[in-house]
Amino acid sequence: MNTMRYELNGAQVLVLDKEVDAVTVNEIRNVLDELSVFEGDVVADLSEVYFIDSSGIGALVFLYKRLIMNGHRLTLICGPGQPKDLLEMLHICKVIPCFESQKAYLQQSTRVAS
């Protein structure tokens with residue numbers, strides 16, 4: 001799995017692609033651990049992910065809980081497809097904000113900041 005990290009409006013963005021399953025979660029465990037103690041908000045961009053399983057969902061929930069404990073937020077970016085369908089079916093999108101695109105996320109964060 002290829003991952004990319006960058007900063008956007010003070011938040012760390014983690015871009016994931018392809019599959020987020022037990023194997024890939026294990027590959028990115030160090031990155032998730034680093035982000036879980038990051039002193040700011042985190043955005044997980046899943047827009048290029050076409051499959052996520054329970055391990056991937058568990059990793060996102062773990063990251064969310066750790067960030068909340070430290071007073072920070074996790075936001076997800078995921079367009080149409082299996083990952084978004086599963087996140088909605090599990091009602092995770094009701095707890096962790098989920099946007100269709102980075103543009104939608106930026107528009108919302110601009111409105112909140114105003």
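The values are calculated or read from the model by the stated rules, or taken from the named source; none is laboratory data. All figures in this text were calculated on a predicted structure; none of them were measured in a lab. Virtual Cβ from ideal backbone geometry, glycine too; neighbours counted across all protein chains shown. Accessible surface areas use protein heavy atoms only, side chains included; no ligands, DNA or RNA. Shrake-Rupley method; radii C 1.70, N 1.55, O 1.52, S 1.80 Å.
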Antiparallel versus total DSSP beta bridges in the chain: what percent is that, nearest 5? 25
Quick one: what are the phi-derived ³J(HN,Hα) couplings along region 84-96, Karplus 6.51/-1.76/1.60 with θ = phi - 60°, whole Hz, x for glycine and proline? 5, 4, 5, 4, 6, 4, 7, 6, 6, 5, 7, 9, 9
Carbon and sulfur atoms account, in whole percent of the 1.4 Å probe accessible area of the chain, for 53
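How much net charge surrounds Y64 when only the other residues with a Cβ under 13 Å from the Cβ of Y64 are counted, with Lys and Arg +1 and Asp and Glu -1? Before the final figure, lay out the partial values.
Values: positive: K65, R66, R73, K94; negative: D41.
Net charge in that neighbourhood comes out at +3.
At 222 nm, what value in deg cm²/dmol follows for the chain if DSSP H runs of at least 4 each add -39500 (n - 2.57) and the sum is divided by all its residues, to the nearest 500?
About -13000 deg cm²/dmol.
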Using a 4.7 Å Cβ cut-off, which Cys residues in the chain lack a partner cysteine? C78
Using a 1.4 angstrom probe, figure out how much accessible area the chain has per residue, in square angstrom, rounded to the nearest whole. 56
